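All remarks here apply to the structure that follows.
The values are calculated or read from the model by the stated rules, or taken from the named source; none is laboratory data. Values in this document were obtained by computation on a predicted structure and should not be read as measured data. Here the Cβ positions follow ideal geometry from the backbone for every residue, glycine too, while neighbour counts run over all protein chains shown.
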Amino acid sequence: MQRCGMGFGGLALANLIGNTASGEENDGGKRTHFPGRAKHIIHVFLNGGVSQVDTFDPKPELTRRAGQMLPFENLQTERKTGVALPSPFKFENHGESGIPVSDLFPKLAKCVDEMTVIRSMHAELPSHEMSLMLMNTGDQRLVRPSLGSWLTWGMGSSNENLPAFIALCPGGMPVAGAGNWRSAFLPGSYQGTRVDTSNPDPTRLIDFLQNKRVSSAEQSRQFELLQQLNAQHLESRPGEAAIESRIKSFELAFRMQTEASDAFDISQEPEHIQKLYGEGPQNRQLLMARRLIERGVRFVQTWHGDMQPWDSHSNIKDEHRKVANQCDSGLAALIIDLKQRGLLDETLILCTGEFGRTPSVEMGQDGSGASQGRDHNHWGFSLWMAGGGIKKGTIYGATDDFGFKAVENPVSVHDLHATILHLMGYDHQRLTYRYAGRDFRLTDVHGEVIRPIIES
């Protein structure tokens, strides 16, 4: 069975007799604390900082006070800020819920009746690196496991031929790189697998996935020998987590040859589905995300691209328009497509950046040189969620009259994480991992579930 067909007979037998490759380190892994509403997560990360007052949080007062200083001292952000900068985008109410969305997202706006918009998010510092770490791992300074790693450690995967946690990112890496999807002190097999989606050829998304110079039979024998050597190496070093994780990564890479290229090949989709999502790396990878969760991948994160594409410091009108055009059709298609396939109820979509942007113009460090851009703003920003047990057509929380600071029902990143875990079937206070003599959790000592946004 091991030797036949590249060893896949043996892999099938292992599944039949109860292989727990995805959760064996978790002392009973794949068990939730209670029945969850969601089984999968697609986290759309618009890295760089989306402006709340130009997308989902209209502020008429900014227009009335255009060019004037705000009636309070500007809150401290990364750079100096000046007078009020009205949004150059037009807002309209959409759907039966009447949720206002700017014309940056004309197609996504048609889906607002499936969404909850949280307008009262807040972070801790106006720094990309620290806010990215906070949003992804729950801690902005220390090395901690990412949300995707926590979930895959807890729940495992229903497809052992694909990674349970995949990070899709076209081009280069986002700020802080692989730290955004790290497993830290959790077993290394729960770290996210990054895939560069910039190349439309599905066979070239993952380097060296298949060996074209060695036959299947030869490769099977090589893999069998490698596993024997690794097992001997591990036997003399029992409990060495790094070796165990490396062995698992080899096993996964071997199994991925049968399914990975197929999962990423969006050309297999009907023409009307490809047209629904649209062209370009952003829209392609959102379609890939749907194909991945369809195949049992637990957590898919889609990044907008290299570094911080949404970081519009100098020209909010042109820069935000450009990046929004790259993903609007794909975001709307993702909601529509999941719903028509009956997958939206079990798939939680989260769309966010690491923070928002100031309602006032950005200035030079010496207080001069006002631009038509906005600085980083961690005091208040917006995000949206859909599916997976989230209440439909809802607005939660509010910022002040200018969109600077969360003032009504403020939501911390820890609250967001607690809510996500709850939707997946976990009590965030009980999902813990003992390391260095302490029980760690994603939310540390913080976090409250945001129950008003959960569908009853």
The stretch 292-329 - residue that is free of Cβ contacts under 8 Å to residues at least 60 places away in the same chain and assigned to a helix (DSSP H, G or I) and, of those, farthest from L132 (Cα to Cα): E294
Name the pairs whose Cβ atoms lie under 9 Å apart, with the first residue in the stretch 129-141 and within 14 Å of G48 (Cβ to Cβ), the second surrounded by fewer than 24 Cβ atoms within 10 Å (Cβ to Cβ) and among the acidic types (D, E), and 6 or more positions between them or separate chains? S131/E124
Go through (1) in a loop (DSSP other than H, G, I, E, B); (2) touching a helix residue (DSSP H, G or I) at 6+ places or on another chain (Cβ under 7 Å) and name the single condition S189 misses. (1)
For S382, are the conditions met, namely being of a type in the set (S, T, Y), over 22 Å from G36 (Cβ atoms) and buried (at least 19 other Cβ atoms within 10 Å of the Cβ)? yes
Checking S158 against (1) surrounded by fewer than 20 Cβ atoms within 10 Å (Cβ to Cβ); (2) within 30 Å of H313 (Cα to Cα): exactly one of these is not met. Which one? (2)
Residues (closer than 17 Å to F299 by Cα and in contact with a strand residue (DSSP E or B) (Cβ under 9 Å, 6 or more places away or on another chain)) located in the stretch 159-180: L162, P163, A164, F165, I166, A167, L168, C169, A178, N180
Wholly within the stretch 396-446, strands (runs of 3 or more DSSP E) carrying at least 1 residues that are closer than 18 Å to L151 by Cβ, of a type in the set (D, E) and within 23 Å of the chain's Cα centre (by Cα): none
Residue, nearest to V44 (Cα to Cα), within the stretch 129-157, restricted to residues that are out of contact with any strand residue (DSSP E or B) (no Cβ under 9 Å at 6 or more places or on another chain) and in a loop (DSSP other than H, G, I, E, B): G138
In the stretch 90-105, what count of residues is obtained for those that are in contact (Cβ under 8 Å) with a residue 60 or more places away in the chain and either closer than 14 Å to M363 by Cβ or aromatic (F, W, Y) (or both)? 1
When residues of the stretch 16-67 are limited to those that are hydroxyl-bearing (S, T, Y) and buried (at least 23 other Cβ atoms within 10 Å of the Cβ), the one modelled with the lowest pLDDT: S22
Just to be sure, is D427 of a type in the set (D, E) and within 17 Å of S183 (Cα to Cα)? no
Reported set for the stretch 163-182 where residues are crowded, with 24+ Cβ neighbours inside 10 Å and either of a type outside the set (A, V, I, L, M) or assigned to a loop (DSSP other than H, G, I, E, B) (or both) is P163, A164, F165, C169, P174, N180, W181
For the stretch 117-128, indicate whether the set of residues that are closer than 15 Å to H378 by Cβ and either assigned to a helix (DSSP H, G or I) or in contact with a Cys (Cβ under 6 Å, 6 or more places away or on another chain) (or both) is non-empty. yes
Quick count over the stretch 330-363, residues being more than 28 Å from F402 (Cα to Cα), not β-branched (V, I, T) and not in a helix (DSSP H, G or I), is 4
Tell me the residue from T81, T55, T63 that is of a type in the set (S, T, N, Q) and within 21 Å of the chain's Cα centre (by Cα), please. T55
